[in-house]
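Here is the structure we will look at, set down as structure tokens.
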Amino acid sequence: MIIRSTVPTGPLTARPAWKKLEAHYQKLRHLHLRQLFSDDSRRGERFALEAAGIYLDYSKNRITDETIRLLVQLAEECGLHQRIEAMFSGEKINVTEKRAVLHTALRAAAGESLVVDGVNIAPEVYAVLNRMADFARQVRSGQWRGYTGKRIRHVINIGIGGSDLGPVMAYEALRHYSQRDMSFRFVSNVDGTDFSEAVRDLDPEETLFIVCSKTFTTLETLTNARAARAWSLRRLADEQAVRRHFVAVSTNAGEVSKFGIDTVNMFGFWDWVGGRYSIDSAVGLSTMIAIGPENFHAMLAGFRVMDEHFRNTPFEQNLPVLMGLLMVWYNNFFEAQTAAVLPYEQYLKRFPAYLQQLAMESNGKHVTLDGVHIGYQTGPIYWGEPGTNGQHSFFQLIHQGTKLVPCDFIGFCQTLNPVGSQHDLLMANLFAQTEALAFGKTEDEVKADGTPEWLVPHRLFEGNHPSNTILAECLTPETLGRLIALYEHSVFTQGTIWNVDSFDQWGVELGKALAQRMIPELESADEPALTHDSSTNALIRRYRRLKSGRT
Ligand code: G6Q
């Protein structure tokens with residue numbers, strides 16, 4: 001059943017709260033954060049929240065109490081309460097694929113029951129988690145041996161998009177907790193370089209491949225999996241070896257066995273888990289092998305804490321709701337095109353890339369749930385790099401460029417790798433950047449530094465650049481779970497306001513189909529009759545000529 005009751009009626013821009021926000025924006029748009037802070041000495045504490053182990057300081061945003069009140073009203077008018085309930089209770093809110101959206105069920109507490117299409121899915125979820133744990137323990141302990149009896153030392157996850165970005169991000173984020181006598185690598189790109197570089201120093205006898213694909217039809221993943229099988233068998237020289245060196249993660253048992261992987265070695269999941277929301281499912285198998293089942297369960301518990309917070313907390317104190325609404329505020333009223341995510345934590349170096357998929361694949365949409373063309377901006381471009389590196393490159397544009405870039409700074413009060421006072425230096429940079437972005441440097445301050453008159457405009461910082469600061473105690477598996485869920489639900493909040501299907505990805509499907517048509521045109525021995533546009537035809541001809549060295 002497609003749920004219509006949760007879909008708001010009438011266009012977003014005609015809602016009372018939207019109209020009020022437009023008028024409010026006109027009053028507020030020139031107001032400076034310097035002013036807002038000097039008017040209220042407690043602003044830094046008033047616009048801050050602590051929940052689910054995460055402290056969010058959102059005081060350095062261009063908002064007042066009235067802004068929050070109106071944004072919350074907008075969320076209510078857009079049916080956010082109903083949408084949250086619809087998602088958690090398994091209604092088919094992914095309307096274009098007619099699917100439930102139940103990544104939250106992957107981390108539900110043991111013993112909870114959740115019925116989808118007449119089946120209680122909770123026992124299935126735990127059954128897979130238990131099988132994963134059993135397998136992970138065997139690999140980690142050396143009980144699971146390669147075909148020639150050697151211990152598995154290297155695990156390579158082959159997958160792309162949601163079957164890669166979550167696993168690689170989580171592994172990198174939790175590397176501190178990983179089994180250090182094993183190596184973990186991730187192959188995603190169909191560019192043969194990715195595979196070749198991943199295996200060049202490895203021994204096939206000690207290498208386990210996890211072929212991770214929801215559909216098990218994705219060109220890149222199957223191509224790399226075939227390359228991996230050929231690489232393994234060149235050394236192991238017996239088809240029987242495949243079952244000791246290949247496992248699959250998929251929803252498609254038929255394709256898995258067609259590929260030659262025994263379904264005994266398959267870990268399943270379900271169509272109600274979207275690729276970019278799948279790290280808690282069997283897609284997290286590489287992470288579980290790396291950090292162990294106990295740590296993996298701690299990560300799930302972290303997700304769960306944020307899920308409960310999102311579901312049960314009034315919007316004014318709800319971290320993901322507030323973050324989502326602030327993004328709407330900048331995206332739709334200030335016309336910010338992008339948002340930067342800046343983790344001051346080296347272990348989170350892949351977090352921005354992960355969020356890019358989560359946010360942009362979810363909310364990069366141009367029609368409403370009803371298929372009506374949208375007349376307002378939807379999902380912004382997410383990007384970012386870890387601090388302090390970003391400060392030495394693109395921060396210049398955020399400080400002194402002409403674009404408004406709302407930023408999320410993410411930091412931890414304790415480091416996992418104390419080296420002298422380096423963590424204080426790192427955090428000093430984080431705090432200093434949020435301060436400089438907000439308050440800038442006035443003409444008087446620049447002159448007071450003895451700056452010559454002609455140089456003053458260049459050294460001036462207007463400030464008024466908004467940011468959130470997200471602080472947690474320490475990067476643990478549980479904290480990571482909370483952080484990921486924070487963004488998942490923020491993205492959901494945004495998608496609800498924009499009234500889009502945040503859980504389909506027709507743009508990705510397009511790419512999958514387009515390349516298939518062109519492959520024979522590049523591979524065929526005979527000159528193909530090309531019927532593309534003149535640019536594409538010329539590019540193909542040029543490629544065909546040069547790839548074989550003909551000029
Ligand atoms: C994620 C998308 C997409 C998907 C990849 C891989 O939400 O659907 O990124 O994860 O295209 O798909 P498979 O897992 O089916 O190989």
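The values are calculated or read from the model by the stated rules, or taken from the named source; none is laboratory data. Remember, predicted model here, so these are calculated numbers, not experimental data. FYI the Cβ positions are ideal-geometry reconstructions off the backbone, even for glycines, and counts take in every protein chain you see. To get the accessible areas, we keep the full protein, side chains included, count just its heavy atoms, and leave off ligands, DNA and RNA. Shrake-Rupley method; radii C 1.70, N 1.55, O 1.52, S 1.80 Å.
Keeping to the range 79-109, report how many residues are among the β-branched types (Val, Ile, Thr) and in a loop (DSSP other than H, G, I, E, B).
4
Would you mind finding the one in 220, 197, 206 that is within 16 Å of the ligand (Cβ to nearest atom) and open to solvent by 40 Å² or more (accessible area, probe 1.4 Å)?
None of the others qualify; the one that does is 220.
Go through 86, 110 for me and flag whichever is open to solvent by less than 30 Å² (accessible area, probe 1.4 Å) and more than 16 Å from the ligand (Cβ to nearest atom).
It is 86.
Okay, residues lined up against (1) out of contact with any helix residue (DSSP H, G or I) (no Cβ under 9 Å at 6 or more places or on another chain); (2) surrounded by 20 or more Cβ atoms within 10 Å (Cβ to Cβ); (3) at positive phi; (4) in a loop (DSSP other than H, G, I, E, B):
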site	(1), (2), (3), (4)
340	no, yes, no, no
362	no, yes, no, no
371	yes, no, yes, yes
376	no, no, no, yes
387	no, yes, no, yes
402	yes, no, no, yes
415	no, no, no, yes
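For the range 239-260, how many residues meet the condition of being open to solvent by less than 50 Å² (accessible area, probe 1.4 Å), in contact (Cβ under 8 Å) with a residue 40 or more places away in the chain and away from the ligand (no atom under 14 Å from the Cβ)?
The total comes to 3.
Hey, among the residues in the range 141-192 that are open to solvent by 50 Å² or more (accessible area, probe 1.4 Å) and in a helix (DSSP H, G or I), which one's farthest from the ligand (Cβ to nearest atom)?
Going through the qualifying residues, I end up with 141.
If I filter the range 489-505 for residues that are in a helix (DSSP H, G or I), within 16 Å of the ligand (Cβ to nearest atom), in contact with a Phe, Trp or Tyr (Cβ under 9 Å, 6 or more places away or on another chain) and of a type in the set (A, V, I, L, M, F, W, C), do I get at least one hit?
Within the range 489-505, one or more residues are in a helix (DSSP H, G or I), within 16 Å of the ligand (Cβ to nearest atom), in contact with a Phe, Trp or Tyr (Cβ under 9 Å, 6 or more places away or on another chain) and of a type in the set (A, V, I, L, M, F, W, C).
Can you tell which of 112, 22 is of a type outside the set (A, V, I, L, M, F, W, C) and part of a loop (DSSP other than H, G, I, E, B)?
112
In the list 510, 530, 514, which residue meets the criterion of being outside any helix (DSSP H, G or I) and either within 16 Å of the ligand (Cβ to nearest atom) or open to solvent by less than 50 Å² (accessible area, probe 1.4 Å) (or both)?
530
Do we find that residue 481 is within 16 Å of the ligand (Cβ to nearest atom) and assigned to a helix (DSSP H, G or I) in this structure?
Spelling it out, it is not the case that residue 481 is within 16 Å of the ligand (Cβ to nearest atom) and assigned to a helix (DSSP H, G or I).
In this structure, is residue 336 in contact (Cβ under 8 Å) with a residue 40 or more places away in the chain and under 17 Å from the mean Cα position of the chain (by Cα)?
no
Kindly indicate whether residue 33 is under 30 Å from residue 100 (Cβ atoms), more than 25 Å from the chain's Cα centre (by Cα) and crowded, with 17+ Cβ neighbours inside 10 Å.
When the stated conditions are applied, residue 33 does not pass them.
Looking at (1) of a type outside the set (Phe, Trp, Tyr); (2) part of a helix (DSSP H, G or I); (3) within 16 Å of the ligand (Cβ to nearest atom), find the lone condition where residue 324 falls short.
That leaves (3) as the condition not met.
Has the range 391-400 got any residue that is within 22 Å of the chain's Cα centre (by Cα), at pLDDT 95 or above and surrounded by 23 or more Cβ atoms within 10 Å (Cβ to Cβ)?
no
Residue 316 is checked against (1) within 16 Å of the ligand (Cβ to nearest atom); (2) open to solvent by 20 Å² or more (accessible area, probe 1.4 Å) and fails just one. What number does that condition carry?
Unmet condition: (1).
Taking interchain pairs and intrachain pairs at least six residues apart, which have beta carbon atoms under 8 angstrom, with the first residue in the range 407-423 and without any contact (Cβ under 8 Å) to a residue 60 or more places away in the chain and the second in a loop (DSSP other than H, G, I, E, B) and among the charged types (D, E, K, R)?
Nothing qualifies.
Sort out which residues of the range 28-68 are without any contact (Cβ under 8 Å) to a residue 60 or more places away in the chain, in contact with a helix residue (DSSP H, G or I) (Cβ under 9 Å, 6 or more places away or on another chain) and more than 25 Å from residue 412 (Cα to Cα), and write them in order of number.
Scanning the range 28-68 gives 28, 36, 40, 64, 65, 66.
When you go through (1) within 16 Å of the ligand (Cβ to nearest atom); (2) open to solvent by less than 10 Å² (accessible area, probe 1.4 Å); (3) out of contact with any strand residue (DSSP E or B) (no Cβ under 9 Å at 6 or more places or on another chain) one by one for residue 285, which number turns out not to apply?
The number of the failed condition is (3).
When you go through (1) open to solvent by 30 Å² or more (accessible area, probe 1.4 Å); (2) over 15 Å from residue 344 (Cβ atoms); (3) in contact with a Phe, Trp or Tyr (Cβ under 7 Å, 6 or more places away or on another chain) one by one for residue 478, which number turns out not to apply?
It fails just one condition, (3).
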